[in-house]
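Written below as structure tokens is the structure these notes are about.
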Amino acid sequence: MPFGDILSKTRENITLTAADGKKAIIDSNLKRLALKIFGIPHVEMRNRARLIIGNIDIKEGMSLLDAGTGPGLYALSLAYKNKISAMGIDLDVKKLKDAEKISKVLDIKNVSFQKADLTKLKINKKFDRIICSDVLEHIENDQLAINNLSKLLKSNGFILFTFPADTPDSRRDMPLFEHVRPGYTFEMFKDKLERAGMKIDKFQGYTYFFGRIAWKINHLTQKIPALSAIFFYPLYLLSFLDIIKIGSPDGLFFKVSKK
């Protein structure tokens, strides 16, 4: 299950913090077993993860940067399953310490973590793959961050971005998630990519009508872990009906490369 395979193996307490500040503490064998069976019971995150893992196309010997890694779930999971060199960077030292805990417990030697600001990057290497998931909406100078990520990308590599779409709901929820902007439109982000010398290889919206319902109910059940576990899979399957694409998406996914 996404990320459950690594989180269930930890024996030290780990704290995961959602975008709205809600914390989930992994501090018992029962919680670890639930993670092993269900993965992280978060509909929105799982839909993003499905897009990212399904498009990362990483191969042995490649290098990966997880930009805005948080507790390092993408970097850890991909390094654990593949013979690659992975790095996770973030400004949150507490989250980086949790990532390092997991890497030590699982003896994942092909991953490293460091504190770094995407607008002030000082990394002297380039990467085959870069993940930047739900990060740019937190950065004032997002154009500089995009420019810097472009400089870190190998000529034949690509970056996977996810972030909220600019919608009335995302504008309303900006303070809750500590966003500096509600999100992006396709044209707005395309313009920023072109300024950074990059082009769009793939674009996809996610979380439409059914996914929105599934996530709202999932969000409510998270207050009671047992309910969250019981209802997660029915709600997650409901979100798959978004293949019908009713209405506009709440989230946007971009796969981009250098021109």
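The values are calculated or read from the model by the stated rules, or taken from the named source; none is laboratory data. Here the structure is a predicted model, which means the values were calculated and not measured. Positions of Cβ are generated from backbone atoms using ideal geometry, with glycine treated the same way; all protein chains shown enter the neighbour counts.
Below are the figures for this structure:
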| read-out | value |
| --- | --- |
| Any chance S63 is in contact with a Phe, Trp or Tyr (Cβ under 7 Å, 6 or more places away or on another chain) and hydroxyl-bearing (S, T, Y) | yes |
| Number of the condition not met by L220 [criteria: (1) under 26 Å from I243 (Cβ atoms); (2) surrounded by 13 or more Cβ atoms within 10 Å (Cβ to Cβ); (3) over 18 Å from the mean Cα position of the chain (by Cα)] | (2) |
| Top-ranked residue of segment 118-146 - restricted to ones that are charged (D, E, K, R) and touching a Leu at 6+ places or on another chain (Cβ under 9 Å), ranked as nearest to R181 (Cα to Cα) | D142 |
| Candidate set from segment 137-170 (those that are under 23 Å from E44 (Cβ atoms) and among the hydroxyl-bearing types (S, T, Y)); member that is modelled with the highest pLDDT | T162 |
| Residue match in segment 59-67 (condition: part of a helix (DSSP H, G or I), within 17 Å of F163 (Cβ to Cβ) and touching a residue at least 40 places away in the same chain (Cβ under 8 Å)) | no |
| Conditions (1) in contact (Cβ under 8 Å) with a residue 40 or more places away in the chain; (2) assigned to a loop (DSSP other than H, G, I, E, B); (3) not aliphatic (A, V, I, L, M); number of the one not met by Y233 | (2) |
| Test: residue in segment 163-171 that is at negative phi and among the polar types (S, T, N, Q) | yes |
| Residue match in segment 7-23 (condition: out of contact with any strand residue (DSSP E or B) (no Cβ under 7 Å at 6 or more places or on another chain), crowded, with 17+ Cβ neighbours inside 10 Å and more than 23 Å from L149 (Cβ to Cβ)) | yes |
| Selection from segment 173-205 of residues that are buried (at least 16 other Cβ atoms within 10 Å of the Cβ), among the hydrophobic types (A, V, I, L, M, F, W, C) and assigned to a loop (DSSP other than H, G, I, E, B) | A196 |
| Pairs with Cβ under 8 Å, 6+ apart, first in segment 175-189 and farther than 15 Å from I139 by Cα, second surrounded by 12 or more Cβ atoms within 10 Å (Cβ to Cβ) and not hydrophobic (A, V, I, L, M, F, W, C) | T185/D166; M188/D166 |
| Top-ranked residue in segment 234-259 [being crowded, with 18+ Cβ neighbours inside 10 Å and aromatic (F, W, Y); ranked as nearest to S150 (Cα to Cα)] | F254 |
| Residue within segment 71-82 that is basic (K, R) and part of a loop (DSSP other than H, G, I, E, B) present | no |
| Residue match in segment 82-90 (condition: buried (at least 17 other Cβ atoms within 10 Å of the Cβ), of a type in the set (A, V, I, L, M, F, W, C) and modelled with pLDDT under 95) | no |
| Residue in segment 218-230 that is modelled with pLDDT under 95 and within 24 Å of N156 (Cβ to Cβ) present | no |
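Yes/no per residue for (1) over 19 Å from the mean Cα position of the chain (by Cα); (2) more than 20 Å from I40 (Cα to Cα):
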site	(1), (2)
L193	yes, yes
G197	yes, yes
Y236	no, no
G247	yes, yes
F253	no, yes
K259	yes, yes
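Here is a yes/no grid of residues against (1) of a type in the set (S, T, Y); (2) more than 17 Å from the chain's Cα centre (by Cα); (3) surrounded by fewer than 23 Cβ atoms within 10 Å (Cβ to Cβ); (4) over 19 Å from G72 (Cα atoms):
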position	(1), (2), (3), (4)
T119	yes, yes, yes, yes
I123	no, yes, yes, no
R129	no, no, no, no
V135	no, no, yes, no
E140	no, yes, yes, yes
L144	no, yes, yes, yes
L149	no, no, no, no
N156	no, yes, yes, yes
F161	no, no, no, no
